Amino acid sequence: METPEENDNNFVPPAAKEMPAPIPEVEIKKREERKKDLLKEIDLIQAVINRMAYNSFLIKGWGLTLVTLVFSLQKNAADLYLAFVPLLSFWLLDAYFLRQERLFRRLYTWVINNRLQTEEHLFSLNPGRFVKDEQSQLRVMISITLVIFYGFTAFLMLLFVMTHR
């Protein structure tokens, strides 16, 4: 037996009132495109981060090689101090690449957290907006990892210079 409400043309079953409105097809396609963009963008950023880490690795190798070369070619003990020039140069350069890597890691995190909500800065590989949040290059230069590597090398160089006067 039908109730008077069911006979009414405006009757909506209670279950239908609680269901959310269907998502339009255009919105579904837009979300799918944002997901694809997210994956492409994080791949690009990760490639840059990998290059920065590789550059840092190469700089450490070249730095030690040049310091060793300067030590082996110097005949005067006083000239051994010249070995500190490539060491400090490579230390500064390594700090630059480490800082760039950190900036790109911040960009990576921002993209992961925000890309599905916004298209702002889409495919922008410029981490400049995170510079104020990251340490200065000199502060990065005295980070624990760089101080251990270059500081220990400088300490050994200084010991060698002082014992071979």
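Side notes on the structure shown:
- The stretch 113-130: number of residues that are more than 12 Å from the chain's Cα centre (by Cα) and surrounded by 11 or more Cβ atoms within 10 Å (Cβ to Cβ): 9
- Filter pass, residue 138 being outside any loop (DSSP other than H, G, I, E, B), among the aliphatic types (A, V, I, L, M), exposed (fewer than 11 other Cβ atoms within 10 Å of the Cβ) and in contact (Cβ under 8 Å) with a residue 12 or more places away in the chain: yes
- Residue 72, sole failed condition from (1) surrounded by fewer than 12 Cβ atoms within 10 Å (Cβ to Cβ); (2) touching a helix residue (DSSP H, G or I) at 6+ places or on another chain (Cβ under 8 Å): (2)
- Neighbours by Cβ (under 7 Å, 6+ apart or cross-chain): first from the stretch 122-133, over 20 Å from residue 50 (Cα atoms); second surrounded by 10 or more Cβ atoms within 10 Å (Cβ to Cβ): 122/37; 133/106
- The single residue among 81, 54 that is among the hydroxyl-bearing types (Ser, Thr, Tyr), at pLDDT 90 or above and either part of a helix (DSSP H, G or I) or within 30 Å of residue 39 (Cα to Cα) (or both) turns out to be 54.
The values are calculated or read from the model by the stated rules, or taken from the named source; none is laboratory data. Since the model is a prediction, treat every value here as computed from it, not as a measurement. No Cβ is skipped: glycine too gets one built from the backbone with ideal geometry, and neighbour counts run over all protein chains shown.
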